[in-house]
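Asks: What follows is a structure written as structure tokens; I'll ask about it next.
The numbers here are math on the coordinates, done by the rules we state, and not lab data. Fair warning: this is a prediction, and the values are worked out from it, not measured in the lab. Reconstructed Cβ throughout: ideal geometry from the backbone, glycine too, with neighbour counts over all protein chains shown.
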Amino acid sequence: MDHASRKVLEARMREEMAGLREQLGDLEERARTVELDQQAVGRLSRMDSLANQSIAVNALGKAKSRLARLERALFRIEDEDFGLCADCGDPIAPARLLAMPEAVLCVGCAE
Ligand SMILES: [Zn+2]
């Protein structure tokens, strides 16, 4: 992969990571225990808020692990084998890397 492509991907990664970090604050807030509200709200809305909380906990976990994968990818971006499939060694399609800069497998191997 040439230097210019690496720079483009690096910018994409930083952009994605900034977006994820922004989401994390909000998700952490929503994932926090709903205990404080329990007396103030009725049974149904309590169930709603528990459901919303578990959605937020789930989304929080996903956002955190994606951020970690992006951090690792950013760390490796100058490596010679960056952008090569970890399985078959073929170059990962540029469109795939742009959509998912943390991808370590080509489309064929990821399936
Ligand atoms: Zn592959």
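Asks: Given the options Ala59, Ala18, Ala51, which has the most mean-square fluctuation in a GNM of the chain, springs set between C-alpha atoms less than 10 angstrom apart?
Replies: Looking only at Ala59, Ala18, Ala51, the biggest GNM fluctuation is shown by Ala51.
Asks: Just to confirm the number: angle between the C-alpha axis of helix 3-31 and the first principal axis of the chain, 0 to 90 degrees, nearest 10?
Replies: 10
Asks: Using a ≥ b ≥ c from the Cα gyration tensor of the chain (square roots of the eigenvalues), is it rounded, prolate or oblate, where a/c under 1.5 gives rounded and otherwise the larger of a/b and b/c decides, a/b for prolate?
Replies: Prolate is the answer for the chain, as a/c is 1.5 or above and a/b outweighs b/c.
Asks: Summing -39500 (n - 2.57) over the DSSP H runs of n ≥ 4 in the chain and dividing by its residue number, what mean residue ellipticity at 222 nm do you reach, to the nearest 500 deg cm²/dmol?
Replies: After summing the helix terms and dividing by residue count, I get -22500 deg cm²/dmol.
Asks: Using a simple charge model, +1 on the beta-carbon of Lys and Arg, -1 on the beta-carbon of Asp and Glu, nothing else, what dipole does the chain show about its Cα centre, in debye to the nearest 20?
Replies: Computed about the Cα centre, the dipole is about 400 debye.
Asks: Relative to the longest principal axis of the C-alpha atoms of the chain, give the angle of the C-alpha long axis of helix 43-76, reported between 0 and 90° and rounded to the nearest 10°.
Replies: Rounded to the nearest ten degrees, it is 20.
Asks: Taking the chain as a Gaussian network, Cα atoms linked when under 10 Å apart, which of Leu70, Leu27, Leu50 shows the biggest mean-square fluctuation?
Replies: Leu50
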